[in-house]
Structure formats: C-alpha cells, structure tokens
Amino acid sequence: MNKAYIDSEEFSGLDFSQEKLTYGEYESCTFSKCNFSGLDLRDISFMECEFDHCDFSNARLQNTAFQDACFINCKLLGLRFDKCNQFLLTFSFDACQLDFSSFYALKLQKTIFKNCKLEEVEFVETDLTGSSFTNCDLRQAVFDRANLSKVDFRTAENFSIDPASNIMKKAKFSRANIQGLLDKYDISIT
C-alpha cells in the first residue's frame with residue numbers, strides 16, 4: 001500500500017473512527033479536537049505535528065512514528081508507546097491524560113511532561129535522562145530499572161520511586177516531595 005504525503009494541513013473536529021484517516025506521512029500538520037480513539041495507526045508517520053484536544057485512547061501504535069510530536073490537552077489512555085517506531089521518536093506532553101500507558105524500554109531523553117496525569121504509567125527500563133515532570137501526577141506510575149539521571153521531579157506529586165532499582169544521578173526533587181523516594185521503607189516524614 002502506498003503512503004500519501006500530507007504537509008502543513010490543519011484538521012479540526014474530525015472523528016477518524018467515522019471518517020477514515022488517510023494512510024501516510026503527516027508533516028507539520030495540526031490536529032485540533034480530533035478523535036483517534038481505538039484506531040489502528042500502524043505504520044503511519046507524524047513528523048513535527050501538533051495535537052490539541054485530541055483523543056487517542058486505546059489507539060494501536062504498532063510501528064507508528066512520532067517525531068517532534070506535541071500533544072496539548074490530549075487524552076492518551078492505555079497507549080503502548082513502546083510499540084511505536086523508535087527511530088527519532090520524540091514528543092512532548094502538556095496538560096495531557098496518559099493514564100495506563102506504557103513507555104517500556106524507550107529512549108525518551110529530554111522529554112517534557114507538563115501538567116499531566118500519569119496514573120499507573122509504565123516507565124520500566126525507560127531512559128528518561130534530562131526529562132522533566134512539571135506539575136505532574138504520577139500516582140502508581142512504575143519506575144523500575146529506568147535511567148532517571150538529571151530528571152526534574154521538583155513539582156511532581158504522588159510518585160513512588162525506589163532509588164535502589166533506578167539510575168538517579170543528579171535527579172532533582174523538592175523537600176515537599178522527597179517522601180516518594182522513601183515509600184518502600186514505610187516511614188513517615190512530618
């Protein structure tokens with residue numbers, strides 16, 4: 001199947017579960033208030049695209065390419081980002097809901113998570129070096145064998161990270177949220 005090339009187009013208010021998304025490569029496109037929920041986005045490429053108020057919940061991302069993708073106010077529930085095409089995989093998230101998603105074993109260096117809800121998100125064996133979680137809720141997110149070097153958690157909340165099972169060199173925390181590093185010891189800080 002031949003891929004279409006779509007450049008610098010704007011898509012607004014479209015429900016791609018009703019109206020078919022063209023199979024192809026999207027470059028510098030803007031998607032606003034679009035529904036991708038439950039879609040099979042296999043082998044589709046999004047390069048330098050912006051998604052604003054879109055719903056990707058439970059979309060299938062087998063070999064989907066995201067290069068410099070920006071998600072703003074998006075619903076991204078239950079996504080397997082670990083199934084994406086990892087070549088030049090880069091994105092940022094602002095005010096997004098990413099609950100129950102997986103970033104298993106991805107290289108996400110310098111990724112920005114800002115004002116996001118990341119409940120029960122999997123960061124197992126993920127390289128997050130230099131990333132930031134600004135004002136993010138990480139309730140029950142799983143960090144295991146992850147590289148958290150230079151990650152900024154200073155304004156993050158509700159995380160529980162075991163320093164013994166993650167690389168944490170020069171990671172940043174605030175006095176207010178340091179409890180999240182001591183949860184496994186079942187101690188109280190007042």
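Of note:
- Under the simplified labelling scheme, the Gln86-Arg42 pair shows an inter-label distance of 2.1 nm, with each label point 7 Å from Cα along Cα→Cβ.
- Paramagnetic label zone (point 7 Å from Cα along Cα-to-C-beta, Lys110; backbone N under 13 Å) in segment 129-156: 129-132
- In whole angstrom, the chain maps to an equivalent ellipsoid with semi-axes of 33, 16, 14, each derived as √(5λ) from the alpha carbon gyration tensor and ordered largest first.
- The simple Förster model, with R0 at 45 Å and r as the Cβ-Cβ distance, assigns Glu19 and Ala176 a FRET efficiency of 0.45.
- Contact order for the chain, expressed relative to its length and based on alpha carbon pairs under 8 Å spaced 6+ residues apart, stands at 11 percent.
- Couplings for segment 133-147, taken from phi via the Karplus curve 6.51 cos²θ - 1.76 cosθ + 1.60 with θ = phi - 60°, read 10, 7, 6, 9, 9, 10, 4, 6, 5, 9, 10, 9, 6, 9, 9 Hz in order; Gly and Pro are left as x.
- Remark on Lys172: its backbone amide H falls under 5 Å from those of Val151, Asp152, Phe153, a criterion applied only to residues 5 or more positions apart or on other chains, H modelled at 1.01 Å from N.
- Cβ crowding within 10 Å averaged over residues, with 17-23, 111-117, 59-65, 159-165 ranked highest first: 111-117, 59-65, 159-165, 17-23
- Amide hydrogen proximity for Glu122: with H placed 1.01 Å from N in the peptide plane, the residues at 5 or more positions away or on another chain lying under 5 Å are Ser101, Ser102, Phe103, Val142.
- Additional length obtainable on full extension of the chain from Asn135 to Asn58, 0.36 nm per residue less Cα span: 25.3 nm
- Surrounding net charge for Arg154, when Lys and Arg each add one and Asp and Glu each subtract one, Cβ distance under 13 Å: +3
Only the coordinates and a few stated rules stand behind these numbers; no lab work does. Fair warning: this is a prediction, and the values are worked out from it, not measured in the lab. Don't worry about glycine lacking a Cβ; one is built from the backbone with ideal geometry, like all the others, and counts go over all protein chains shown.
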